[in-house]
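The structure appears right after this line, and notes come after that.
What follows draws every value from the coordinates through simple rules; no lab data is involved. Here the structure is a predicted model, which means the values were calculated and not measured. In this analysis, Cβ positions are derived from the backbone assuming ideal geometry, glycine residues included, and neighbour counts consider all displayed protein chains.
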Amino acid sequence: MAAKAWGGRFAQATDPRVETFTESISFDARLAKFDIQGSQAHARMLAHVGLISDDERDQIIAALDDIGREIADGKLPLRTELEDIHMHVESALIERLGDVGRKLHTGRSRNDQVSTDLRLYVRDAIAQIDGLLTDLQTAFVLRCERDADVIIPGYTHLQRAQPVLAAHYWLAYCEKFQRDRDRLADCLGRVNVSPLGAAALAGTSLPIDRQMTADLLGFSAVAGNSLDVSSDRDFLVEFTFCLSLIAAHLSTWAEEWIIWFSTEFGFLKLPDAYTTGSSIMPQKRNPDVLELIRGKSARPIAAVQQLLVLIKGLPMAYNRDLQEDKLAAFDAHDTIAACLELAAAIVDGAELQREAIAARLEEGFLDATTLMEYLIKQGVPMRTGHETVGKLVSLCESKQCRLSDLPLEELQAACDKIGDDVYAILGTKNAVAALGSFGSGGAEPVAERMREWRERLGLGDHK
Ligand code: ARG
């Protein structure tokens, strides 16, 4: 049985059930790389302030490199009785270096150590998620060119509302995912603060140099209060919240495309590689990946609640409860990374069913609002125009025709301000062409935004 690093005051061995109950190595082993980084920075600092010799520092750093490699290669056995990743690394170090290894934990505690590891982990994860979000935005922007001439109905209440260019939809998702990227970048400011040297809760009487370890680890600031930072998991709640909004955006997109993929809509063709079959119905092709992206969004959203419930009411400073933070955060992170990766592939591989979309584009009076705006331009008060067009739509419904099918006399009977130039704005194509306001779904504004997105994503000019 391994001697406990904290075993000094204990007369009894730990109940094995307690070891199993309290261990975190089964999930925090993935922090190994960051634990090693933090420990190496800490060793450099200890030598700099004279708490260990330069030779001891070099031995520690070299041994930590070896240990890191062994863990990465799965060669260092993980043992429940060693609790967590921090104890695994330290005990491997002591096994190799004896008393020199026993010096590493000087002026440090697992409480500031685990916070350091987690912050380094989240910093890494933010960079990874930002990259995946960029890939997804890129997939949407590249779709814009492929679908340049496609008009699709825009919906409110899932009822046909007004027509927009398909590219307007794609760029709408770029905006959402950009806010997600901005939020992560903002979150990073509060993640990237060094807890190292806060020790257990009070700091230390030893002459440590916290600025030095912060600089070595690329932290942009040193936490100003040891009590606060050793109990703080705000950064993890924030990170998980950022992930949960990404999940919400992904689930909206997934839901939309699931609907578009249905026979009833028939807007979309999904690549075979990203659909699956039914075990009983031979004809089925199911959008399982999209459904799971929608379904898995539950995890990061739940993780935010899990973390808030975890930290709520905890007295300062560190409490063992906090060990559970990693389960929520890791799962949220892994889930979003996996979803984003497949989302980009699906956005790239799907095809709009242009004929099916075009065939029904004149259904649903997508040009009704444009007609109302035409009346406004002729000096008709908006509410009056709204009522007039409402009546014309009702007339069309009874005659089973479109607004553009109505003869001029019938249009003029509803409002004498209507001239024969009205036919230039009726019909779905004309209605889209009429959209010119900033940020709208018409050709000019969409082309401008597309240019901006290409530039922002470093895609160069479209040929
Ligand atoms: N495994 C612990 C965690 O994840 C590390 C910190 C343990 N600290 C302590 N005082 N027991 O939170």
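What relative contact order, as a whole-number percentage, does the chain give when Cα pairs under 8 Å and 6 or more residues apart are counted?
15 percent.
Give or take rounding to whole Å, what are the principal axis extents of the alpha carbon atoms in the chain, in descending order?
Dimensions of the chain along the principal axes of its Cα atoms: 99, 53, 47 Å.
So for Cys415, Cys242, fewest C-beta neighbours within 10 Å to most, what's the order?
Cys415, Cys242
Under a straight-distance cross-link criterion of Cα-Cα below 19 Å, which lysines are reachable from Lys75, leaving out those fewer than 8 residues away in the same chain?
Lys33
So, how do all the Cα-to-Cα distances of the stretch 41-150 break down into 5 Å bins, in percent, from 0 on up?
It works out to 2, 10, 15, 17, 16, 10, 7, 5, 5, 4, 4, 3, 2, 1, 0, in whole percents.
How large is ³J(HN,Hα) for each residue in the stretch 316-325, as worked out from phi by the Karplus curve 6.51 cos²θ - 1.76 cosθ + 1.60 (θ = phi - 60°), to whole Hz, x for Gly and Pro?
With the stated coefficients, the stretch 316-325 comes to 6, 9, 5, 10, 5, 2, 4, 4, 6, 4 Hz.
Beta carbons within 10 angstrom, averaged per residue: use that to sort the peptides 59-72, 80-93, highest first.
Top of the packing list down: 80-93, 59-72.
Hey, which aspartates and glutamates would be in cross-link range of Lys4, C-alpha to C-alpha under 20 Å, not counting anything within fewer than 8 residues on its own chain?
Within the straight-line cut-off, Lys4 pairs with Asp15, Glu19, Glu23, Asp28, Asp35, Glu81, Glu83, Asp84, Glu90, Glu95, Asp99, Asp112.
Using unit Cβ charges (K, R positive; D, E negative) and no other charged atoms, how large, in debye to the nearest 20, is the dipole of the stretch 66-202 about its Cα centre?
Charge dipole of the stretch 66-202: 260 debye, to the nearest 20.
Lys284: which lysines have alpha carbons under 25 Å from its alpha carbon, excluding same-chain residues fewer than 8 sequence positions away?
Of all the lysines, those that pass the test against Lys284 - Cα under 25 Å, at least 8 places apart if same chain - are Lys269, Lys296.
Just add up the charged neighbours of Trp170: K/R +1, D/E -1, any other residue whose Cβ is under 9 Å from the Cβ of Trp170.
Neighbour charge sum, excluding Trp170 itself: 0.
I need the phi-derived Karplus couplings for the stretch 30-35: 6.51 cos²θ - 1.76 cosθ + 1.60, θ = phi - 60°, integer Hz, Gly and Pro marked x.
Per residue, the Karplus-derived 3J(HN,Hα) values read 5, 8, 3, 3, 6, 4 Hz.
Under 8 Å for C-alpha pairs, at least 6 residues apart: give me the relative contact order for the stretch 191-314, rounded to a whole percent.
Details: 128 pairs, mean separation 29.9, N = 124.
Reported relative contact order: 24 percent.
Looking at the stretch 214-291, which GluC sites (Glu not before Pro) are in a loop (DSSP not H, G, I, E or B) and have at most 16 other Cβ atoms within 10 Å?
When the GluC sites (Glu not before Pro) of the stretch 214-291 are filtered for loop state and at most 16 Cβ neighbours within 10 Å, Glu264 remain.
Residues with amide H under 5 Å of Val164's amide H, sequence separation 5 or more or different chain, H placed in the peptide plane at 1.01 Å from N; which?
Ile152, Gly154
Over the stretch 3-102, what relative contact order in percent results from Cα pairs under 8 Å that are six or more residues apart?
Contact order relative to length: 37 percent.
With the cut-off at 1.5 for a/c, could you classify the stretch 392-456 from its C-alpha gyration tensor as rounded, prolate or oblate?
The shape class here is prolate.
Show me the GluC sites (Glu not before Pro) within the stretch 306-373 that DSSP assigns to loop and that have at most 11 other Cβ atoms within 10 Å of their Cβ. Don't jump to the answer; show the numbers that get you there.
Numbers: sites: Glu324, Glu341, Glu351, Glu355, Glu362, Glu363, Glu373; in loops: Glu362, Glu363.
When the GluC sites (Glu not before Pro) of the stretch 306-373 are filtered for loop state and at most 11 Cβ neighbours within 10 Å, Glu363 remain.
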